[in-house]
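Worksheet for the structure shown next.
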Amino acid sequence: MAKRMRTIEDVGEFDFIRSILNSCIISKEKIICGIGDDCAVIGPYDGSLLLITTDLLAEGVHFLPGKISPIHLGEKAVAVNLSDIAAMGGTATHLLVSLAIPRSTPIKTIHSLYSGIKSMCRRYSVNLIGGDTSSSLNKLFISITVIGEALEGEVLYRNGAHPGDAVYVTETLGDAAAGLEILTGNASAQKALSSRLIKAQIRPVPFLEVGRKIAESHLASAMIDLSDGLLSDLNHICIASNTGARLLQSSLPLSNDLKTLCKINRLDPYKFVLTGGEDYRLLVTVPDKNSKAFQGIFKNRKSCQVHRIGQIIEETGIKIVKQDGTEESLRATGFDHFCRS
Ligand code: ADP
Ligand code: MG
């Protein structure tokens, strides 16, 4: 029997990225960080570093036509990129937009998309400086690249976590994934609750100011934004830092909205908290001796709460201490574009 050709689905998103790491950097000069973090970091240029990140939104994969308005889609496409700048502690400065558009798309839709893109640019003082436009066979693709900057020594990477560091997360987790469950008809709730959870899915907020404050404080050891889900993104920090992590289930921050939705629909809220993606919160590791001072950053900040959810440990893998005190090893699942499970 002929051998079946191995596909990208067999490999998975993250092993695929690992498989292309060879021979990427031709000249190491000024490359501080290439593939493997939320942004590439280049420099220094007069004491400043350049941050570059790109994210693609594909129709049917990242957004469902008819479930998100073009304006909100434009806003979200920018927000998810800004979140990667936030995850390094940077300031976003410039943005490029590339589109592949089905021929039958109303021009009004594209202009609305740009209204969303431009309103985010205004809100976060980012200049739209270029892009590319192509036709597409039948789906809309939006690729955005954001350029940012940070002071040398004030960037946080995924690889700085050490055993003993506390693990923190900003705000609550799981609402965005719960919103998707409502949008796709797998859960339902009364109107006000539904629209709050759908808003969490459709209109994520990038933690740019908070990310910068954290990096400036020099109190944290590593940071990432939560795009693929807590377990998956914490695992990125653990792999990059060659550590593991232990989470405390009782410390995981769930919103009242998530609790209510799960109760009504008999769903497990922890599934959303651990593996639901697209919350775009910041996950931060902090050496224990800095923990108090770190919490101080958030003291008078009503708009952003921080929660201590666990600890970095030497043994690799992620474990969770459940409410009954038992400990369980968890598979670092989350969103993988090609994963079958
Ligand atoms: P994030 O979720 O923070 O956007 P990703 O998981 O998309 O990060 O990407 C992880 C790293 O892999 C980043 O450094 C990104 O630039 C890099 N990367 C992803 N896809 C590719 C690709 N096709 N070619 C080169 N680098 C890639
Ligand atoms: Mg990221």
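The values are calculated or read from the model by the stated rules, or taken from the named source; none is laboratory data. Model, not experiment: these values are computed from the prediction. Here the Cβ is made from the backbone with ideal geometry for all residues, glycine too, and neighbour counts use every protein chain on show. Areas reflect the complete protein model, heavy atoms only, side chains present, ligands, DNA and RNA absent. Shrake-Rupley method; radii C 1.70, N 1.55, O 1.52, S 1.80 Å.
Only Cα pairs under 8 Å and 6+ residues apart enter the sum, and on that basis the relative contact order of segment 3-54 stands at 19 percent.
Calculated on the alpha-carbon coordinates, the convex hull of the chain measures out at 180 cubic angstrom per residue. Based on the Cβ-Cβ distance from residue 61 to residue 299, what FRET efficiency comes out when R0 is 35 Å, to the nearest 0.05? Step by step, r from the Cβ atoms, then E = 0.30. Relative to the current alpha-carbon distance between residue 107 and residue 289, full extension at 0.36 nm per residue lengthens the span by 60.0 nm. In a reduced charge model with +1 at each Lys and Arg Cβ and -1 at each Asp and Glu Cβ, the chain shows a dipole moment near 1060 debye about its Cα centre. When all protein chains stay in place and ligands, DNA and RNA are ignored, the 1.4 Å accessible-area order of 119, 195, largest first, is 195, 119.
Ordered by 1.4 Å accessible area with all protein chains kept, 15, 84 run largest first as 15, 84. Cross-link partners of residue 213 among lysines, defined as those whose alpha carbon lies under 20 angstrom from its own and excluding same-chain residues fewer than eight positions apart: 289, 292, 299, 302. For residue 121, the solvent-accessible surface computed with a 1.4 Å probe is close to 10 Å², ligands and nucleic acids excluded. For residue 191, the aspartates and glutamates whose Cα comes closer than 20 Å to its Cα, not counting residues fewer than 8 places off in the same chain, are 175, 181, 257. Across segment 21-28, computed HN-Hα scalar couplings (Karplus, 6.51 cos²θ - 1.76 cosθ + 1.60, θ = phi - 60°) run 5, 4, 6, 7, 9, 8, 10, 6 Hz from first to last residue, x flagging Gly and Pro. Exposed loop sites are taken as GluC sites (Glu not before Pro) in a DSSP loop (any state but H, G, I, E or B) with at most 15 other beta carbon atoms within 10 Å; the longest stretch of the chain without one runs 153-313. When the residues 111, 236 are ordered by accessible surface, computed with a 1.4 Å probe over the protein chains alone, the sequence from largest down reads 111, 236.
A cut-off of 5 Å between modelled amide H atoms, ignoring neighbours fewer than 5 places along the same chain, links residue 221 with 285, 286. Per-residue ellipticity at 222 nm computed for the chain from its helices equals -10000 deg cm²/dmol, with DSSP H segments shorter than 4 residues left out and the rest contributing -39,500 (n - 2.57).
Below 10 angstrom from the Cβ of residue 273, what's the summed charge of the other residues (Lys, Arg +1; Asp, Glu -1)? Charge balance in the 10 Å sphere: -2.
The heavy atoms of residue 205 present about 80 square angstrom of accessible area, all protein chains included, probe 1.4 Å. Computed with a 1.4 Å probe over protein heavy atoms only, the accessible surface of the chain comes to 50 Å² per residue. Modelled spin-label separation between residue 16 and residue 152, with each label point placed 7 Å from Cα along the Cα-to-Cβ direction: 3.7 nm. Spin-label pair residue 27-residue 137: with each label point 7 Å from Cα along the Cα-Cβ axis, the two points sit 3.9 nm from one another.
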